[in-house]
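J.: The structure under discussion is supplied below as structure tokens; questions concerning it will follow.
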Amino acid sequence: MYCDLIIKNGFIIDGSGKPGFYGDLAVSQGKIIEISTKIEFQAERIIDAFGLTVCPGFIDPHAHEELTVLSSGRFEEYLRQGVTTTISGNCGHSITPYSSDNIYKYMVKKGLISVKSMEQNKRVGLAWADFPSYIDVIRNKGTNLNMGFLLGHGTLRWSIIGDTKHRKPTAQEESKIIHLVEEGMEQGALGISTGLTYSPSKYAETDEIIELAKAVKKYDGIYTSHIRNYLGTLEAVQEAVTIGKATGIRVQVSHLTPNCPEGFDEILVARQQGLEIAVDTIPKSSGHFRRKDRLFQYLTTLDSILTSEERRKLIKRIRFKDHLTVINADDPSMETRTIKELALEGKMSVNELILDLLENDRHELTFCQGGLIRQDFPGTPYPNNIAQNPLVMVGSDRVSGEFDDPYAWYELFRKGSFPLFISLCRQSGVRLEEIIRRITSLPAQQFRLSNRGTLSTGKSADITIIDMDNYSYPFNPETDYKNPFTMAKGVKYTIINGKAALEDGIIKQINSGQLLSRNGKVL
């Protein structure tokens with residue numbers, strides 16, 4: 001028998017949670033056709049995986065790459081982690097409804113893309129009329145990763161009733177939003193996401209979300225939620241559980257902080273009571289690094305060139321500005337110190353110091369919002385009830401900022417979410433096979449990606465081959481915080497639908513990624 005690819009002599013972890021074994025795997029026409037201890041087929045290509053671990057491609061259930069892919073479908077940071085599939089449209093932000101003009105306007109207003117990038121995208125014709133034509137744009141451009149998409153409640157609500165409407169939608173408005181949800185599900189969306197700490201999702205009461213979840217449930221979709229943290233983390237998790245129980249919809253709690261272990265317990269209890277629910281967490285994160293010309297991006301849609309008076313007004317709106325950390329100051333005495341420390345030392349107000357820094361001629365000066373290591377995702381060992389919880393997967397919450405201007409806005413550690421998660425779980429004694437299940441078949445089941453998630457015959461050949469002993473990302477506080485390009489190490493091959501996008505450590509733009517809908521459908 002002849003096939004396209006044989007992977008030989010690897011330690012195969014199939015994603016089911018069962019013990020791994022040594023064997024071979026054969027691929028033909030993008031599908032796995034045979035797995036056994038020894039395969040004797042003729043093959044166009046043979047990869048010797050001796051000493052390496054062969055796994056299903058990892059699935060990132062929480063990404064924000066719907067705009068990044070417009071600029072580049074290369075996705076090196078994912079491939080070097082072994083990720084083959086991402087889910088975008090999280091936290092209530094999506095590329096629907098309506099046209100690209102509507103979405104660009106929303107994304108700029110929310111600080112998720114700059115005016116400059118929006119205009120650049122428009123100039124090169126990156127436009128669409130609706131969800132299907134967005135899919136056409138991406139299909140024509142090509143992508144190295146498989147991608148699935150959620151409908152964003154914030155984008156939907158904003159499109160119908162605006163941004164600052166602290167009220168319930170009218171019956172007519174609710175009908176329009178439900179229609180958009182049903183339309184998006186029919187066109188191939190995986191479900192709906194909320195960002196309940198962001199405007200306008202935060203204005204929605206629980207009953208409003210329940211009505212939309214009912215519409216999604218009819219299509220076997222999922223409800224994912226950036227929960228309403230200001231209620232308290234446990235209480236916000238309980239709201240997500242309430243929505244699930246009221247509708248029967250599958251629920252994904254997004255980027256839950258390990259600082260609230262009782263929230264993870266609540267999710268496990270709900271699952272034991274019959275609710276199909278799971279959770280993702282970020283293993284470790286820095287705050288947001290924003291170059292000084294981008295500090296106000298999330299506060300205004302104005303261009304970065306502002307008058308001193310405009311800047312003074314905006315500075316007053318920055319939350320936790322005392323704790324902004326300064327880097328790239330070209331002054332060692334200022335480096336990695338907070339604005340509050342520096343202002344006290346200079347006997348000036350915080351606002352005056354920020355204004356002075358914004359007006360100096362150091363273009364590269366950057367502010368870190370949230371600290372060099374965030375306290376809600378500190379990268380410390382998990383409590384036992386989190387490490388041993390079978391419903392916990394990793395979600396990077398990767399926001400790429402500006403693809404063409406990576407120093408403008410970035411975060412650290414997100415590009416290493418998968419090796420960091422595996423390391424934290426292994427430190428707590430979780431079997432490697434169980435960890436791999438949580439980042440492959442568990443998210444595949446949650447998002448109804450029925451052709452992915454396990455190494456088994458007939459499944460799509462999304463495969464990662466890893467030197468597990470050297471699979472890593474810089475973990476310590478000495479990570480180069482000035483470098484947004486740090487990548488994970490240890491992945492030898494990342495294979496997408498039977499083709500290697502990462503081959504012996506070298507990235508290739510093969511564009512074999514597919515755009516995924518529910519239950520095995522490809523858009």
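The values are calculated or read from the model by the stated rules, or taken from the named source; none is laboratory data. All values reported here derive from a predicted model rather than from experimental measurement. Cβ: placed from backbone, ideal geometry, glycine included. Neighbour counts: every protein chain shown. Surface areas here come from the heavy atoms of the whole protein model, side chains and all, with no ligands, DNA or RNA. Shrake-Rupley method; radii C 1.70, N 1.55, O 1.52, S 1.80 Å.
J.: Any residue at all in region 216-224 that is touching a Phe, Trp or Tyr at 6+ places or on another chain (Cβ under 9 Å) and at pLDDT below 95?
T.: So far as region 216-224 goes, no, none of its residues is touching a Phe, Trp or Tyr at 6+ places or on another chain (Cβ under 9 Å) and at pLDDT below 95.
J.: Looking at (1) open to solvent by 20 Å² or more (accessible area, probe 1.4 Å); (2) closer than 14 Å to T84 by Cβ, which one does I463 not meet, given that it meets all the others?
T.: (1)
J.: Go through (1) closer than 24 Å to S193 by Cα; (2) modelled with pLDDT under 85; (3) surrounded by fewer than 19 Cβ atoms within 10 Å (Cβ to Cβ) one by one and return the number of the condition Q297 breaks.
T.: The number of the failed condition is (3).
J.: When you scan region 320-425 for helices (runs of 4 or more DSSP H) that lie fully inside it, which ones turn up with 1 or more residues that are farther than 30 Å from S114 by Cα and either open to solvent by 10 Å² or more (accessible area, probe 1.4 Å) or without any contact (Cβ under 8 Å) to a residue 12 or more places away in the chain (or both)?
T.: Passing ranges, in order: 339-346, 384-387.
J.: Continuing with the same structure: Here is a list of conditions, (1) of a type outside the set (A, V, I, L, M); (2) over 22 Å from S517 (Cβ atoms); (3) out of contact with any Cys (no Cβ under 9 Å at 6 or more places or on another chain); (4) free of Cβ contacts under 8 Å to residues at least 60 places away in the same chain, and F41 meets all of them except one; can you say which number that is?
T.: (3)
J.: Quick one: would you say T457 is open to solvent by 30 Å² or more (accessible area, probe 1.4 Å) and within 17 Å of I12 (Cα to Cα)?
T.: Judged against the criteria, T457 is a match.
J.: So, in region 231-256, how many residues would count as being of a type outside the set (A, V, I, L, M) and under 19 Å from L442 (Cα atoms)?
T.: Qualifying residue count for the region: 6.
Let's see how each residue does on (1) open to solvent by less than 10 Å² (accessible area, probe 1.4 Å); (2) under 25 Å from the mean Cα position of the chain (by Cα); (3) of a type in the set (F, W, Y):
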| residue | (1), (2), (3) |
| --- | --- |
| I12 | yes, no, no |
| F21 | no, no, yes |
| P61 | yes, yes, no |
| E76 | no, yes, no |
| S88 | yes, yes, no |
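J.: Would you pick out the residues in region 496-523 that are open to solvent by 20 Å² or more (accessible area, probe 1.4 Å), under 30 Å from V216 (Cα atoms) and of a type in the set (V, I, T)?
T.: Across region 496-523, the qualifying residue is only V522.
J.: From the list I192, I161, pick out the single residue that is within 26 Å of R518 (Cβ to Cβ) and hydrophobic (A, V, I, L, M, F, W, C).
T.: I192
To keep it simple, each residue is scored yes or no on (1) assigned to a loop (DSSP other than H, G, I, E, B); (2) touching a strand residue (DSSP E or B) at 6+ places or on another chain (Cβ under 6 Å); (3) without any contact (Cβ under 8 Å) to a residue 12 or more places away in the chain.
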| residue | (1), (2), (3) |
| --- | --- |
| I436 | no, yes, no |
| Q445 | no, no, yes |
| R448 | yes, no, no |
| N451 | yes, yes, no |
| T457 | yes, yes, no |
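J.: Can you confirm whether E310 is modelled with pLDDT of 85 or more, more than 15 Å from F367 (Cα to Cα), of a type in the set (D, E, K, R) and loosely packed, with under 14 Cβ neighbours inside 10 Å?
T.: It is false that E310 is modelled with pLDDT of 85 or more, more than 15 Å from F367 (Cα to Cα), of a type in the set (D, E, K, R) and loosely packed, with under 14 Cβ neighbours inside 10 Å.
J.: How many of the residues making up region 117-157 are of a type in the set (D, E, K, R), touching a residue at least 40 places away in the same chain (Cβ under 8 Å) and open to solvent by 30 Å² or more (accessible area, probe 1.4 Å)?
T.: Within region 117-157, residues that are of a type in the set (D, E, K, R), touching a residue at least 40 places away in the same chain (Cβ under 8 Å) and open to solvent by 30 Å² or more (accessible area, probe 1.4 Å) number 3.
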